[in-house]
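Written out below as structure tokens is the structure these notes cover.
Values in this text are rule-based calculations from the coordinates and carry no lab data. Owing to the predicted nature of the structure, the values given are computational and were not obtained by experimental measurement. Neighbour counts are summed over all protein chains in view; Cβ atoms, including those assigned to glycine, are modelled from backbone coordinates with ideal geometry.
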Amino acid sequence: MAKSSENYILDTSALISLESINFLEQVLVSFSVTTTNSVIMELEEFARYDDKYGEIAKNVLKLKTDLQLNLAK
């Protein structure tokens, strides 16, 4: 499936919500997704915790590396 030309800008809540239902990877494969450095910093803060949201944030940050999650300029 080719990536759509649609671009979505996602915040911390959207990224965590999509990953919590195991849907973020599909979104990143299908669409161009952009976020900000402040969102990445918030995810890094969440990732410091050893709870459900910390694990989800770690997964989002890994997907940022593995797939294309664009940073706003």
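Amide H to amide H, which residues 5 or more places from Val33 or on other chains are under 5 Å from it, using H placed in the peptide plane?
Tyr8, Asn70
HN-Hα J couplings of the stretch 46-61 from phi, Karplus 6.51/-1.76/1.60, θ = phi - 60°, integer Hz, Gly and Pro as x?
Rounded to whole hertz, the list is 4, 5, 6, 8, 9, 9, 4, 6, x, 5, 4, 4, 4, 5, 4, 5.
Show me the trypsin sites (Lys or Arg not before Pro) within the stretch 1-53 that DSSP assigns to loop and that have at most 16 other Cβ atoms within 10 Å of their Cβ.
Filter output for the stretch 1-53: Lys3, Arg48.
So which chymotrypsin sites (Phe, Trp or Tyr not before Pro) in the stretch 3-73 end up in coil per DSSP with only 11 or fewer other C-beta atoms within 10 Å?
Phe23
Under the rule of -39500 (n - 2.57) per DSSP H run of 4 or more residues, summed and divided by the residues of the chain, what mean residue ellipticity at 222 nm is obtained, to the nearest 500 deg cm²/dmol?
Details: 4 runs with 42 residues, N = 73.
The helix contribution divided over the chain gives -17000 deg cm²/dmol.
Restricting attention to the stretch 1-59, which GluC sites (Glu not before Pro) occupy a DSSP loop and are surrounded by at most 13 other Cβ atoms within 10 Å?
Those satisfying the criteria are Glu6.
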